[in-house]
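What follows is a set of notes on a single structure, which appears directly below.
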Amino acid sequence: MLHECLDALAIRPEGVYVDGTLGRAGHSLAILRRLTTGRLIGIDRDRTAIEAARKRLAEFGDRAALLHGNFADLGNLLREAGVEAADGMLFDLGVSSPQLDEPRRGFSYMHDAPLDMRMDETAALDARQVVNAWSYDELRRILFEYGEERYAPQIARAIVRRREDKPIDTTGELAEVIRSAMPSRALREKQHPAKRSFQAIRIAVNGELDALEPMLEAAADALAPGGRLAVITFHSLEDRIVKRKLRELASGCTCPPEFPVCVCGKKPKLALITRKPVISGPAELAENPRSRSAKLRVAERPQSDGQGALS
């Protein structure tokens with residue numbers, strides 16, 4: 001959704017912009033090409049992505065600052081980069097295409113590779129530990145909550161039974177265990193039987209959902225007046241959190257509805273630009289089928305609130 005994102009950010013040539021999910025640096029490159037004296041701050045948990053982006057953006061020199069970190073720690077990362085307030089921020093959530101396409105990273109059920117799924121390869125927790133050490137109850141919970149997998153109990157039981165004989169070490173082994181636990185009617189569905197379970201385990205390994213609210217709070221606080229926040233989600237769990245949090249940040253007052261006057265004193269930090277999410281058009285879907293589930297939501301820091309700088 002490159003063009004939609006660029007339009008949403010309303011880029012000013014002298015502005016400061018944040019790409020909080022650097023990935024292949026496609027969005028970053030397009031933003032930098034629209035800047036003259038402005039700067040871009042790129043953030044990613046994946047050091048491989050940082051190094052690849054450094055080469056791709058080398059022509060822009062110190063106008064592109066690339067930071068290794070989790071966007072849940074956005075406020076500290078921006079302070080590290082010397083950013084007092086940003087004119088726009090973009091977050092393209094979920095796993096990146098390079099991570100999916102690199103078999104050794106262990107994200108995909110399409111390749112047999114060591115179970116890993118870490119976005120940050122320096123992190124302690126990986127998918128092998130989740131699959132082989134977490135309890136039946138925890139496995140069932142994450143499969144149901146993070147994967148919205150209706151066969152979560154059956155799959156969790158199958159994983160526990162299999163690992164009693166020997167550890168589940170690879171993505172191929174895990175995909176086969178998942179397949180064996182599902183009824184024949186589920187195996188006839190269009191999507192791969194392991195899709196929801198792999199999503200759930202990946203989210204658990206990387207704490208993806210836990211990072212969203214802190215990131216959105218910090219982004220709202222760090223925007224300059226008139227600055228734009230654009231967030232792309234790829235599944236309903238992310239989108240529900242983003243939608244709810246943006247509405248909360250745009251509503252301000254948290255007093256119970258029965259209160260005759262506001263006593264909390266909270267003011268709106270954002271104004272919603274998109275009441276409904278922007279979705280991919282036919283041209284993008286033809287070029288990039290993975291974008292079919294993408295939803296873009298946009299909000300703006302009000303001009304008159306007198307805030308927008310990091311404390």
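Restricting segment 264-292 to residues that are touching a Cys at 6+ places or on another chain (Cβ under 9 Å) and basic (Lys, Arg), which is least open to solvent (accessible area, probe 1.4 Å)? Among those that are touching a Cys at 6+ places or on another chain (Cβ under 9 Å) and basic (Lys, Arg), it is Lys266. Residues that are among the aliphatic types (A, V, I, L, M) and touching a strand residue (DSSP E or B) at 6+ places or on another chain (Cβ under 6 Å) within segment 11-42 comprise Val16, Val18, Leu22, Ile31, Leu32, Leu40, Ile41, listed in sequence order.
Against the condition within 26 Å of Ala219 (Cα to Cα) and in contact with a helix residue (DSSP H, G or I) (Cβ under 9 Å, 6 or more places away or on another chain), how does Thr171 come out, does it pass? Taking the combined requirement at face value, the residue does not satisfy it.
I'd like the residue in segment 295-311 that is modelled with pLDDT of 90 or more and out of contact with any Gly (no Cβ under 9 Å at 6 or more places or on another chain) and, out of all such residues, is surrounded by the most Cβ atoms within 10 Å (Cβ to Cβ).
So in segment 295-311, the residues modelled with pLDDT of 90 or more come out as 295-302.
Next, from what is left, pick out any that are out of contact with any Gly (no Cβ under 9 Å at 6 or more places or on another chain): 295-299.
Working: Lys295: 22, Leu296: 20, Arg297: 23, Val298: 23, Ala299: 28.
Checked segment 295-311; the qualifying residue surrounded by the most Cβ atoms within 10 Å (Cβ to Cβ) is Ala299.
Within segment 207-244, which residues are part of a helix (DSSP H, G or I) and open to solvent by less than 10 Å² (accessible area, probe 1.4 Å)? Don't jump to the end; show me each part of the working.
So the first thing to find is which residues in segment 207-244 are part of a helix (DSSP H, G or I), and the list is 208-222, 236-244.
Of everything in segment 207-244, those that are part of a helix (DSSP H, G or I) and open to solvent by less than 10 Å² (accessible area, probe 1.4 Å) turn out to be Ala211, Leu212, Met215, Leu216, Ala219, Ala220, Ala222, Glu238, Val242.
Among the residues of segment 90-126, the ones that are open to solvent by 60 Å² or more (accessible area, probe 1.4 Å), in a loop (DSSP other than H, G, I, E, B) and acidic (Asp, Glu) come to 3 in all. On the stretch given as segment 127-174, residues that are under 22 Å from Leu237 (Cβ atoms) and open to solvent by less than 30 Å² (accessible area, probe 1.4 Å) total 15.
So if I check each of Gln154, Gln129, which one is free of Cβ contacts under 8 Å to residues at least 40 places away in the same chain and within 23 Å of the chain's Cα centre (by Cα)? Walk me through it before giving the result.
On the way: Gln154 fails: within 23 Å of the chain's Cα centre (by Cα).
Matching residue, one of Gln154, Gln129: Gln129.
Applying the condition of being assigned to a loop (DSSP other than H, G, I, E, B) and touching a Pro at 6+ places or on another chain (Cβ under 8 Å) to segment 270-301 and asking which residue is farthest from Glu238 (Cα to Cα) yields Arg301. Of all residues in segment 51-69, those satisfying the criterion of being closer than 23 Å to Thr122 by Cα, among the aliphatic types (A, V, I, L, M) and either at pLDDT below 95 or open to solvent by 10 Å² or more (accessible area, probe 1.4 Å) (or both) are Ala52, Ala65, Leu66, Leu67.
Report yes if Ser251 is among the hydroxyl-bearing types (Ser, Thr, Tyr) and open to solvent by 30 Å² or more (accessible area, probe 1.4 Å), otherwise no. So that I can check it myself, show each step before the final result.
Working: among the hydroxyl-bearing types (Ser, Thr, Tyr): yes; open to solvent by 30 Å² or more (accessible area, probe 1.4 Å): yes.
Yes; evaluated as a whole, the condition is true for this residue.
Determine, yes or no, whether Leu93 is in contact with an Asp or Glu (Cβ under 7 Å, 6 or more places away or on another chain) and under 22 Å from Ala65 (Cα atoms). Break it down stepwise before answering.
Values: in contact with an Asp or Glu (Cβ under 7 Å, 6 or more places away or on another chain): yes; under 22 Å from Ala65 (Cα atoms): yes.
Here the answer is yes, as Leu93 does meet what is asked.
When Thr233 is tested against (1) of a type in the set (Val, Ile, Thr); (2) more than 30 Å from Asp116 (Cα to Cα); (3) in contact (Cβ under 8 Å) with a residue 60 or more places away in the chain, only condition (2) is not met.
So how many residues does segment 1-28 have that are surrounded by fewer than 19 Cβ atoms within 10 Å (Cβ to Cβ) and closer than 21 Å to Gln99 by Cα? Residues meeting the conditions: 3. Within segment 84-103, the only residue that satisfies the criterion of being modelled with pLDDT under 95 and farther than 25 Å from Ser293 by Cα is Glu84.
The values are calculated or read from the model by the stated rules, or taken from the named source; none is laboratory data. In this text, all values refer to a predicted model and were calculated from it rather than measured experimentally. Note: ideal-geometry Cβ built from the backbone for every residue, glycine included; neighbour counts use all protein chains shown. Surface areas here come from the heavy atoms of the whole protein model, side chains and all, with no ligands, DNA or RNA. Shrake-Rupley method; radii C 1.70, N 1.55, O 1.52, S 1.80 Å.
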